[in-house]
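Please treat every number below as a calculation from the coordinates, not as lab data. These numbers were taken from a predicted model, which means no experiment stands behind them. Ideal geometry is used to build each Cβ from the backbone, glycine not excepted, and the neighbour counts take in all protein chains shown.
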Ligand code: URA
């Protein structure tokens, strides 16, 4: 199956109650065989309206971090979320919603085959790296899971709330750049 075919299937998903509130399902965007994949939490209001991940203020900051290390969703990364439909009032996605939705993410992984996965924020890091993941303690650490490297970093929304974290987050993106070089990944 191609990523486009998977997206068509995913857009009909009614596996959890989040489908009831969606304007658009937010499947993901970017390079279809990217070596670098980013996983956020879930769509917010702007994302739900536009059907694209990270298009609000957080997304603009995320794009700046990406650009600072020569990465871009238009060129060399793929961006998706743990859940594809907006949780009401931007609450955290519930464990059962993540459990239903992760099958789409697994299929995305199988098709895209990223070499580096960046968990953007606590929600995806706790589901994909370590259930007790603490961003303040473990950000910037790469973990090898069956040949794919996973790293968790600050969510841009958390940086907008607390700009003191900006330097730390930037440091994580520099580590991503170094890792890309170390692995000889062509971007
Ligand atoms: N926050 C996320 O985690 N994902 C988005 O797509 C937008 C905001």
Pairing the Cα long axis of helix 95-112 with the longest principal axis of the chain, what angle in degrees results, from 0 to 90 and rounded to the nearest 10? 60
Can you pull the Rg over Rh of segment 138-183, Cα-only, Kirkwood? 1.04
What value in Å³ per residue do you get for the convex hull of the alpha-carbon atoms in segment 15-55? 85
If you fit an axis through the alpha-carbon atoms of helix 57-68 and take the longest principal axis of the Cα set of the chain, what angle between them do you get, 0 to 90°, nearest 10? 40
Of 56, 21, 30, which is the most mobile in a GNM of the chain whose springs link Cα atoms less than 10 angstrom apart? 21
Between residue 50 and residue 8, what is the label-to-label distance in nm when each label sits 7 Å out along the Cα-to-Cβ direction? 2.6
What whole-number distance in Å separates the alpha-carbon centres of segment 49-75 and segment 150-176? 14
Under 13 Å from a point placed 7 Å out from the Cα of residue 144 along the Cα-to-Cβ direction: which residues of segment 84-112 have their backbone N that close? none
Treat each spin label as a single point 7 Å out from the Cα along the C-beta direction, and report the residue 89 to residue 186 distance in nm. 5.1
Kirkwood-based shape ratio for the chain, expressed as Rg/Rh from alpha carbons: 0.93
